[in-house]
Amino acid sequence: MGFNMKMFKTAAALAVGVALLTGCNDETNNYYPGEPAPETTDVRIGAYNLSFDRNTFEDLVAEMALTVAEQDELMEKWFDESLSDEELAVAEKVIQIRNVAAIIQTERPAILWMGEFNNDGTAESQQAIQGFRLNYLTVPQNALGSTSEEFEALEPIQFGYFENFATNTGLLSGHDLNHDGKVALPDDAWGFGFYHGQYAFSLLSQYPIDTDNIRTFQDFKWKDVPGETNPTIINCEDENNPIPEGKACGDEWYSAEAWAEKPMSSKNHVDAPIIIPTADGDKVIHLLMSHPTPPIFDTVTENNKLLNRAEIKFWDDYTSGEGSYIYDDEGNKGGIDSDASFVILGDLNADPESGDGYLDTIKDLMYSDQVNQLATHGIYAPSSLGGPECLSNGECKEENWGTKYPDLVTSTSGLRLDHVIPSSDLNVTDSGVFWPATFEEGRLMMNDERVGNWGGGGKSVSSDHRLVWINVEL
């Protein structure tokens, strides 16, 4: 293909040198304690489901541990088409990770929720997230996409603070939740996962995280959400989804023991305060993070649909003063203080206008008095040019072609699933969805038919979700 790997490496090395001389984040606030507070603070806050859902956590650790030289060697062979099958599998993961890193470097959020960033389940190991920070994010990526034959260096980005969070995905429940006669992963985990830690989420920040005051809700029970009851079998005459042996139409799905123990959060719900210095003193913003189960894959109950509703309603109650029933993993009760600033972040697997979930629940949250409605359905609702094009060219799912607001979609499902929802007191000045259309730079980060087995889109080249962000002026 005539790609000059020597030129590629020289450009990368030059960019690193320039970054080291000039500082890595001219456009964002790489704040460190002890520095004077800026007079004006513009903070970009983003949410990005990275689709790093590997077969094992160790796979992700190994990919993130690859040095730049090892990555370059694989890419040189990829361009030369000289990879073995085993090398190709690794090279395609490098392509994906580099593209994801390039997207982050392009949009430059100061605070970023990262979905589907696997961990060890308990969030004790920091190997994968450290590798991502040091071997990918602090290295200049290609603004044209990691498979482009030309190289246009992006400015590296640094995050001085980060957190992993424990997850219910792949955490074996000890109950036969799907009634198939055995207790085994993935279906008998509290949250769907083939191993503990799959589909977890993480946080990167250029501002200090108040770790002493993080609240997690991993163990909060579904039964304790007001109005929620054990799902029942309602799809009773579907030959494609037969009722399990020993159960009957109208029966409660979970055993009494399993229902008593069933966590509400399919992964975790987390309130992490961020401390941002301003001319008027430190500003605390609570990041309310979650990744609810998708309201699909139900068979004889509406289990996932009901759980998705509860996981979203939780944040509405937590921020509206209706959360007296809530308790965290330390036993502290209640929701957030009424005067606290917050941003709800995550792939909520819910579109207020389309899709399979309870639309009223996500709509209630997005239209509530406690959130900045300009950023949910007003002039600052994040949008892109790539979303509408994706629906018109068949890249997105055909069944969602008629979505009401195609410029607001955030995934190749053709739905608006990924959200950054600020509290009403926060002044939002800009927003966006990173989704280049075919006529915009960076298109190869979205689709390259040379990569993977699915036409070069979605998870094969970067993610099937898009980075969504808002700017907040403090």
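Just so it is clear, none of the values below were taken in a lab; they were calculated from the coordinates. All values reported here derive from a predicted model rather than from experimental measurement. A quick note on method: Cβ atoms are made from the backbone with ideal geometry, for glycine too, and the neighbour counts reach across all protein chains shown.
Note on the chain: dipole from Cβ charges, positive end direction compared against Thr56, Trp222, Ser431; the farthest Cα belongs to Ser431.
Which entries of Lys221/Lys459; Lys182/Lys305; Lys77/Lys459; Lys182/Lys262; Lys363/Lys397; Lys267/Lys459 have Cα-Cα distances beyond 29 Å here? Don't skip to the answer; put the middle values down first.
On the way: Lys221/Lys459 32 Å; Lys182/Lys305 24 Å; Lys77/Lys459 21 Å; Lys182/Lys262 18 Å; Lys363/Lys397 22 Å; Lys267/Lys459 20 Å.
Beyond 29 Å between Cα atoms: Lys221/Lys459.
Peptides 53-59, 194-200 ranked from most to least packed by the mean count of surrounding Cβ atoms within 10 Å: 194-200, 53-59. Placing unit charges on each Cβ (+1 for Lys and Arg, -1 for Asp and Glu) gives the chain a dipole about its Cα centre, and among Val343, Leu112, Ala279 the Cα reaching farthest toward its positive end belongs to Ala279. Note on Glu441 and Glu252: with the Förster distance fixed at 41 Å, the Cβ-Cβ geometry gives a FRET efficiency of about 0.15. Taking R0 as 30 Å, what's the FRET efficiency between Ser324 and Thr122 from their Cβ-Cβ distance, rounded to 0.05? After rounding to 0.05, the efficiency reads 0.50. Comparing Cα centroids, segment 405-474 and segment 310-389 end up 19 angstrom apart.
Place a +1 charge on the Cβ of each Lys and Arg in the chain and a -1 charge on the Cβ of each Asp and Glu, then give the dipole magnitude about the Cα centre in debye, rounded to the nearest 20.
Working: 29 positive and 80 negative charges, 91 e Å.
Value, rounded to 20: 440 debye.
How far, in nm, would the chain grow between Leu88 and Thr211 when pulled straight, counting 0.36 nm per residue and subtracting the alpha carbon separation? Please report the intermediate quantities before stating the final value.
On the way: separation 123, 0.36 × 123 = 44.28 nm, distance 3.99 nm.
Additional length available on full extension: 40.3 nm.
From most to least packed by mean Cβ count within 10 Å, the peptides 201-212, 123-134, 174-185, 239-250 give 201-212, 123-134, 174-185, 239-250. Axis of helix 5-22 versus longest Cα principal axis of the chain: the two differ by about 80°, to the nearest ten degrees. Residues Thr232, Thr147, ranked from the fewest to the most other C-beta atoms within 10 Å, line up as Thr232, Thr147.
For the pair Thr429 and Asn453, the difference between a 0.36 nm per residue extended length and the Cα-Cα distance amounts to 4.6 nm.
The aspartates and glutamates within cross-link reach of Lys404, meaning a Cα-to-Cα straight distance under 13 Å and a gap of 8 or more places when in the same chain, are Asp351, Glu353.
In the chain, the longest principal axis of the Cα atoms and the axis of helix 85-107 are about 90 degrees apart. With a simple spin-label model that places each label point 7 Å from the Cα along the Cα-to-Cβ direction, the separation between Asp238 and Glu150 comes to 5.0 nm. Counting every other Cβ atom within 10 Å of each residue's Cβ, Ile336, Ile103 order from fewest to most as Ile336, Ile103. Of the residues Asn213, Gln130, Thr232, the one whose Cα sits farthest towards the positive end of the charge dipole of the chain is Gln130 (charges of +1 on Lys and Arg Cβ, -1 on Asp and Glu Cβ, taken about the Cα centre).
Arrange Ser462, Ser320, Ser411 by Cβ neighbour counts within 10 Å, fewest through most, would you?
Values: Ser462 32, Ser320 17, Ser411 27.
Placing the least packed residue first, the sequence is Ser320, Ser411, Ser462.
Peptide packing for 159-165, 304-310 was compared via the average number of neighbouring C-beta atoms within 10 Å per residue; ordered from the highest value, the list is 304-310, 159-165.
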